[in-house]
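The values are calculated or read from the model by the stated rules, or taken from the named source; none is laboratory data. Not measured: the values here are computed from a predicted model. Cβ coordinates were reconstructed from backbone atoms using ideal geometry, including for glycine residues, and neighbour counts include every protein chain displayed. Only protein heavy atoms, including side chains, enter the accessible area calculation; ligands, DNA and RNA are left aside. Shrake-Rupley method; radii C 1.70, N 1.55, O 1.52, S 1.80 Å.
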Amino acid sequence: MSIRTQLLKGILDGCVLSVIEKEVVYGYVLSQKLQQAGLKDVSEGTIYPVLLRLQKNGYIKGEMRPSPAGPDRKYYEITPLGKEALQEIKEQWAAIAQPITVLLGGNQNEETN
Amino acid sequence: MKKPIKTLIAENNKKRKLLNEENVTYYENFLTYIRSHLFKDERATEEVLLEIVDHLLLAQEEGKSAEEVFGKNPKELADDVVENLPTEPFRNIFVFGVELMTTLLASFTVVIGIMDIFMGQSKTIYAGNALFIIGAFMALLALVIWIFMKMLKEDSFNPSKSKKFYVFTGLTFMIGSIAIALLANKMPAFGRAIELGEYGMFGVGCVLVLISFLMKKIREQR
């Protein structure tokens, strides 16, 4: 597993939730949205374990229904519980993003005492 | 209303045919591996397998291969999927086990029943012996299924599929059955004696066939 994949693994649940919060999607569309957002080397398959996990936790609900193009697709929508979880993920992320950016990126400007 | 699981499987079979040669191999290994986990929720399993075949078909239209979209390590992804699938409720596993056993028992009883009628033999069975045979047979069946699934899991992503394990499981089943038959033959009669007459065994067989048929129908409607 690449370092990038490992890093993403923990936060991918949050990314998937935030896409689903904005609109009801099925797997393929979800993977396209993630790619468009810039997560280019997330293997498209990795969303399926994430979707299963989110369903198991009750954060999203999946339902098979016909798509505009014809065949049935499994559409996912966020649940109230999922919205709470997403809010929490956002808060946690905001709390660690800044210090990590400084820690990992700030070496050049670091002052030595 | 939810579609029966049988319909989901039929749709999968149809869609799989639309994959090109390279993608179909990739997908079928994946499918075999995931389906070999018997204690996972069947509906959830079939739904995610359908989603994945749909995904591969859409990617294929865009000229992307399964390996490009799902990565070079399908086993890692499959393990990740399996880990997150809900488990099948124990009740369903139990009922399916009973159905399997009834079906097998039904076919044996019908065959023996026909032989009894043909030979005009009146039959007495002993409850103790019958229970022993059924118990031993159930244990054998569980063992055989366990071996088969274990081997299937190990073989799913093996590029040179060996069919050896079919032979191996078949042999285990045969040797086990012969051993049980020999044991049953040597065992002294115990338990209550039940007089079945010439047609009794066949009658019991027919009832069992009916029960297993009904169980199958009910399961498929789920």
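Note on chain B: with neighbouring protein chains present and a 1.4 Å probe, carbon and sulfur make up 69 percent of its accessible heavy-atom surface. Cross-chain or 8 or more residues apart, Cα under 17 Å: how many lysine pairs in region B:89-206 fit that? Count them up, please. Step by step, the pairs that qualify in region B:89-206 add up to 6.
Report, ordered by chain and residue number, the lysines lying within cross-link reach of B:Lys15, taken as a straight Cα distance under 16 Å and ignoring same-chain residues fewer than 8 apart. Leaving aside lysines fewer than 8 places away in the same chain, those within reach of B:Lys15 are A:Lys74, B:Lys6. Applying a DSSP loop filter and a limit of 10 other Cβ atoms within 10 Å to the GluC sites (Glu not before Pro) in region A:27-111 leaves A:Glu110, A:Glu111. Each Lys and Arg contributes +1 and each Asp and Glu -1, all at the Cβ; summed about the Cα centre of region B:5-84, the dipole is approximately 340 debye. Evaluated at q = 0.14 Å⁻¹, the base-10 log of the normalised Debye intensity for the protein assembly as shown, with identical point scatterers placed on the Cα atoms, takes the values -1.15. Residues of region B:75-98 losing 40 Å² or more of accessible surface, assembly versus chain alone, probe 1.4 Å, please list them. Residues of region B:75-98 that lose at least 40 Å² of accessible area once the other chains are added: B:Leu77, B:Asp80, B:Asn84.
Accessible-area loss of 40 Å² or more (1.4 Å probe, protein heavy atoms, chain alone versus all protein chains) is found in region A:61-80 for A:Met64, A:Asp72, A:Arg73, A:Lys74. Each principal axis of the Cα cloud of chain B was taken in turn, and the coordinate range along them, longest first, works out to 70, 40, 31 Å. Between 0 and 90 degrees, rounded to the nearest ten: what's the tilt of helix A:47-56 against the longest Cα principal axis of chain A? Helix A:47-56 sits at roughly 80 degrees to that axis.
Computed log10 I(q)/I(0) for region A:3-106 at 0.19 Å⁻¹: -0.99, from the Debye equation with unit scatterers placed on every C-alpha and solvent omitted. Accessible surface ranking for B:Leu100, A:Leu12, B:Leu196, 1.4 angstrom probe, highest first: B:Leu100, B:Leu196, A:Leu12. Oblate is the label for region B:5-84, because the ratio a/c of its alpha-carbon gyration tensor axes (a ≥ b ≥ c) is 1.5 or higher and a/b is not greater than b/c. Here B:Met138 and B:Glu195 are evaluated by their C-beta separation; at R0 = 30 Å the FRET efficiency comes out at 0.70. Total buried accessible area between B and A, probe 1.4 Å, nearest 100: 2000 Å². Accessible surface of chain A, 1.4 Å probe: 55 percent of it comes from carbon and sulfur atoms. Taking label points 7 Å from Cα along the Cα-to-Cβ direction, B:Lys3 and B:Glu21 give a separation of 2.9 nm.
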